[in-house]
Amino acid sequence: MDKKFDVTQALRVIAEVIEKGEKKDDEYYLHGLYANEGYDGYRVHLHDDYVKLDVDFHNTYNLDFSDQKTLELFITKIHDVDVKSGKAPA
């Protein structure tokens, strides 16, 4: 991965999707991203149709993706939602 993954940004986006997204079953959907909170409160999840992100306690995370291009598109979606939310740092 060329860029370092920004887990803090991902957590802001997860909060945004949960707060403003459309509830579908046990997760929320907003701008191509799905988010939900784990049953124990220590893990949150964010995914699209191709990439899955799990963020655990102490901001450790796991990304599951098939190729670099899908990961880059996922990171772009995260960035776009963060900017649209108005909560991204300047």
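The values are calculated or read from the model by the stated rules, or taken from the named source; none is laboratory data. Because the structure is predicted, anything quoted here is derived from the model rather than measured. Protein only, heavy atoms only, side chains kept; ligands, DNA and RNA dropped before computing areas. Shrake-Rupley method; radii C 1.70, N 1.55, O 1.52, S 1.80 Å.
The average projected area of the range 28-68, computed from the convex hull of its Cα atoms over all directions, is 3.3 nm². For the chain, the share of accessible area belonging to carbon and sulfur comes to 49 percent (1.4 Å probe, ligands and nucleic acids excluded).
Each of 70, 60 has its accessible area taken with a 1.4 Å probe; listed largest first, they run 60, 70.
Residues 31, 58, ordered by accessible area of protein heavy atoms at a 1.4 angstrom probe radius and largest first, appear as 58, 31. Rounded is the label for the chain, because the ratio a/c of its alpha-carbon gyration tensor axes (a ≥ b ≥ c) stays below 1.5. Given the pairs 23/77; 23/52; 24/77; 4/52; 24/87, which span a C-alpha to C-alpha distance of over 21 angstrom in this model? Those over the limit are 24/87.
Ordered by solvent-accessible area of protein heavy atoms (1.4 Å probe), largest first, the residues 37, 16, 72 come out as 37, 72, 16. Per residue, the chain exposes an accessible area of 65 Å² to a 1.4 Å probe, with every protein chain left in place.
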